[in-house]
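A.B. asks: The structure's right below; bear with me while I get my questions together.
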Amino acid sequence: MSDNNKNPILDIGKTAFSFFSFKTKMIVIGVVIGVFLIIIVPVVAITSIFTPNTKNSSEKKGGGSGSDSSSTSVTISVNEVFDEESLTKYENATFPMPFETWDKNKDVVTSRFSKSRTLTVNGKVQTGAHTGIDIVCISKSSPKVCAVASGTVVVAKAGNTGYGNYVVIQHLSDEGKRFYTLYAHMVNGSIAVVEGSEVKVGQVLGIMGSTGNSTGAHLHFEIRLNDNTSSSAVNPYPYIFRRRGEKVK
Ligand SMILES: [Zn+2]
């Protein structure tokens, strides 16, 4: 028999796959390619996009000595914190700075908004989302923290955990959408507004401090869209230091 010439391995393969009709084979191959394109390619792409960002943001924590960032590292220059493109400040910004004065050559952002931030504080590693940005006004002593937009004070709370002494203002956007701004870690006894009061843009809310989960004087500033929860926080950076070409939600 000429069957002796057959490679038994190939023969098994042929037999197994031949069980299916040509149409079925094409469908199976199509499904395999489809799954690859729809699931695997996007997953790999997303992973490769986000991995370098995470590394960058942890590197850019700067002095990183603060639990909620750190203003002890006041020697950080703006150039070390941001890349050149992001140095454009106030250009088309939605809001003014949340300080009475801001010297762009001295004052700095020490920690960015991040979905997961790892900090080492007194030897302890803390991991979690950083739902705002940390801003330090170095150029002035006892810098005044100011509302970035008019609205109603919904929280004016004294305390020495978490946000420390902090204020939350509820605003309405031009489109009638509700949003909130949060100002944390202010100096004991400095809160200058009460819950329920109306505030104007630029109105003084308190003095930049280090109360709560903080190791150095700084303002932790948040913007929350729609509802007043940390899960609704968005990156405030573009709203006050808008980068060229960056879209604001
Ligand atoms: Zn912070």
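Here, each number is a calculation from the coordinates, and none is a lab measurement. Since the model is a prediction, treat every value here as computed from it, not as a measurement. Ideal geometry is used to build each Cβ from the backbone, glycine not excepted, and the neighbour counts take in all protein chains shown.
A.B. asks: Going by amide H atoms built from the backbone, whose H comes under 5 Å of the H on Gly206, apart from near neighbours?
C.D. replies: Val145, Ala192
A.B. asks: With the Cα gyration tensor of the stretch 137-189 in hand, give its eigenvalues times 5 under a square root as the equivalent ellipsoid semi-axes, listed largest first in whole angstrom.
C.D. replies: Each semi-axis is √(5λ); the values are 23, 15, 8 Å.
A.B. asks: Taking the highest mean first, how do the peptides 110-120, 129-139, 187-197 order by number of other beta carbon atoms within 10 angstrom per residue?
C.D. replies: My ranking of the peptides, most packed first, is 129-139, 110-120, 187-197.
A.B. asks: Taking the simple approach of a point 7 Å from Cα along Cα-to-Cβ for both Thr101 and Arg178, what is their distance in nm?
C.D. replies: Modelled inter-label distance: 3.8 nm.
A.B. asks: Still on this structure, I have one more. Here are some pairs, Lys106/Lys144; Lys140/Lys200; Lys157/Lys177; Lys104/Lys144; which of them have Cα atoms lying more than 18 Å apart in this structure?
C.D. replies: The pairs that break the limit, which is 18 Å between Cα atoms, are Lys140/Lys200; Lys157/Lys177.
A.B. asks: Using the Karplus curve 6.51 cos²θ - 1.76 cosθ + 1.60 with θ = phi - 60°, work out ³J(HN,Hα) for each residue of the stretch 203-214 in order, rounded to whole Hz, and write x for Gly and Pro.
C.D. replies: 5, 6, 9, x, 10, 3, x, 9, 6, x, 7, 7
A.B. asks: Which three extents, in angstrom, do the Cα atoms of the stretch 115-249 have along their principal axes, listed largest first?
C.D. replies: That gives 46, 36, 29 Å along the principal axes, largest extent first.
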